[in-house]
Amino acid sequence: METEIKHGKRVQFYLTKNRLTKLIIFTIIFLVVLACAILFIIYGVVPCALKKCHQNAWCKNNPFWGECKCKYGYGGDGSRFCDECGLSFNDNNVRIVGGYEAVPHSWPSIVLLTVEYKTIITIQDSEFFISKSFMCGGNLINRRTVVTAAHCILRNFDKDFNNETYSFNVTENAYYQSLESMYKVYLGVDYFVNSDNDIKPAEVYNVEQVIMHEKYDEKLVKNDIAILKLSSNVELNENVQISCLPNPDFKNYPTQNMQAFIVGWGITDNETLANRLNNVEISILNETICDHYNDYEIDMETQICAGTIEGGKDTCQGDSGGPLYTLNDVNGKKKYILSGLTSFGIGCGKKLYPGIYTNTRYFLDWIEKNSKF
């Protein structure tokens with residue numbers, strides 16, 4: 001009922017049932033539209049207000065998209081997982097050329113990567129069976145991501161025939177339905193010989209995606225970094241943990257004369273692959289020490305010169321992509337940080353020729369972009 005005053009008299013009239021229904025519907029629609037508009041504005045400007053992240057993560061407001069990111073000292077997808085990095089349940093002996101056997105599982109984020117490729121090629125009407133296999137190192141940085149060297153990714157190979165060299169690209173074939181199936185990732189490895197059956201104890205993971213740095217230069221060995229996305233989430237335990245990356249607030253890291261540790265199963269001083277994981281202590285050196293690498297145009301912003309001037313302590317074949325660790329503070333705790341990846345060198349442990357390592361600090365943004373899952 002509505003009331004209206006006309007000529008000093010009160011006049012009453014009633015809304016019809018139809019008009020009342022329309023008014024209610026209009027009011028409901030208006031409130032729904034208003035609520036949607038408010039939610040649209042909130043979601044567009046501060047989407048994190050509607051986003052639930054892991055307790056060890058923070059939320060970054062992007063336009064219409066709230067991004068969960070693990071805090072420094074943790075690794076994961078920001079929503080389900082933000083695992084503490086740099087944990088070790090076995091003391092490091094830290095005392096592979098010139099190295100010592102590591103305490104079993106004392107470097108629980110290290111990865112043994114095997115690469116195997118088979119195919120049949122044809123040259124001048126002749127068929128050849130090709131088999132390529134090698135191993136590299138790597139490091140687990142979250143439950144789904146391994147970081148290694150780009151030169152560990154097999155893209156092509158050569159075949160000599162009748163005094164000529166023929167080059168071939170690695171392609172899918174009857175042996176490999178996907179290029180990712182060439183790679184196997186082993187975690188929790190201590191003892192390694194030369195076959196899958198001899199790697200024990202270990203957890204084996206398939207690779208779902210291979211991401212090589214888009215500016216990798218094979219000739220100069222620049223931007224020598226790649227990421228392997230695993231096909232399933234890793235279960236962390238006493239033998240398998242994730243590695244810490246350098247703090248993004250560090251502007252120049254690692255610094256000259258800082259002690260570092262290199263780890264791997266590569267060729268040792270008796271010129272054979274190590275059956276057990278080896279580690280050795282080296283130093284971060286002044287860039288002038290690596291001036292001998294004239295042909296490679298060493299860039300100390302993206303690369304690290306490390307080893308010993310007198311030689312004898314170095315990484316070698318089979319260690320590629322493996323870790324160079326430095327000890328630093330992570331949220332008030334001293335932990336080993338993945339500061340470098342084994343890249344290349346001239347010889348192994350050669351005097352005046354230290355090793356060259358990819359500087360992970362420089363590639364933090366690239367790593368973050370490509371390690372999401």
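The values are calculated or read from the model by the stated rules, or taken from the named source; none is laboratory data. If you're wondering where the values come from, they're calculated on a predicted model, not measured in any experiment. Glycine gets a Cβ as well: all are built from the backbone with ideal geometry, and neighbour counts include every protein chain shown.
One table, with the values for the structure above:
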quantity: Top-ranked residue of the stretch 224-243 - restricted to ones that are within 13 Å of the chain's Cα centre (by Cα) and under 25 Å from Asn90 (Cα atoms), ranked as surrounded by the most Cβ atoms within 10 Å (Cβ to Cβ); calculated: Ser243
quantity: Asn275 vs. criteria more than 21 Å from the chain's Cα centre (by Cα), of a type outside the set (Lys, Arg) and modelled with pLDDT under 80; calculated: yes
quantity: Subset of the stretch 244-256 that is of a type outside the set (Ser, Thr, Tyr) and either under 17 Å from Asp299 (Cβ atoms) or surrounded by 15 or more Cβ atoms within 10 Å (Cβ to Cβ) (or both) - its residue that is farthest from the chain's Cα centre (by Cα); calculated: Gln256
quantity: Some residue of the stretch 147-169 being among the β-branched types (Val, Ile, Thr), modelled with pLDDT of 95 or more and more than 28 Å from Ile356 (Cα to Cα); calculated: yes
quantity: Test: residue in the stretch 40-52 that is surrounded by 15 or more Cβ atoms within 10 Å (Cβ to Cβ), at pLDDT 80 or above, of a type outside the set (Phe, Trp, Tyr) and assigned to a loop (DSSP other than H, G, I, E, B); calculated: yes
quantity: Residue list for the stretch 314-329, filter: part of a strand (DSSP E or B) and at pLDDT 75 or above; calculated: Pro323, Leu324, Tyr325, Thr326, Leu327, Asn328, Asp329
quantity: Total residues in the stretch 143-190, condition assigned to a strand (DSSP E or B) and either among the hydrophobic types (A, V, I, L, M, F, W, C) or touching a Pro at 6+ places or on another chain (Cβ under 8 Å) (or both); calculated: 7
quantity: Given (1) outside the structural domain of Lys52 (by the TED database); (2) under 22 Å from the mean Cα position of the chain (by Cα); (3) part of a strand (DSSP E or B); (4) among the hydrophobic types (A, V, I, L, M, F, W, C), number of the condition Cys68 does not satisfy; calculated: (1)
quantity: Some residue of the stretch 305-313 being in a strand (DSSP E or B), in contact with a helix residue (DSSP H, G or I) (Cβ under 7 Å, 6 or more places away or on another chain) and either at pLDDT 90 or above or aliphatic (A, V, I, L, M) (or both); calculated: yes
quantity: Given (1) of a type outside the set (Phe, Trp, Tyr); (2) in contact with a Pro (Cβ under 8 Å, 6 or more places away or on another chain); (3) at pLDDT 65 or above, index of the condition Thr302 fails; calculated: (2)
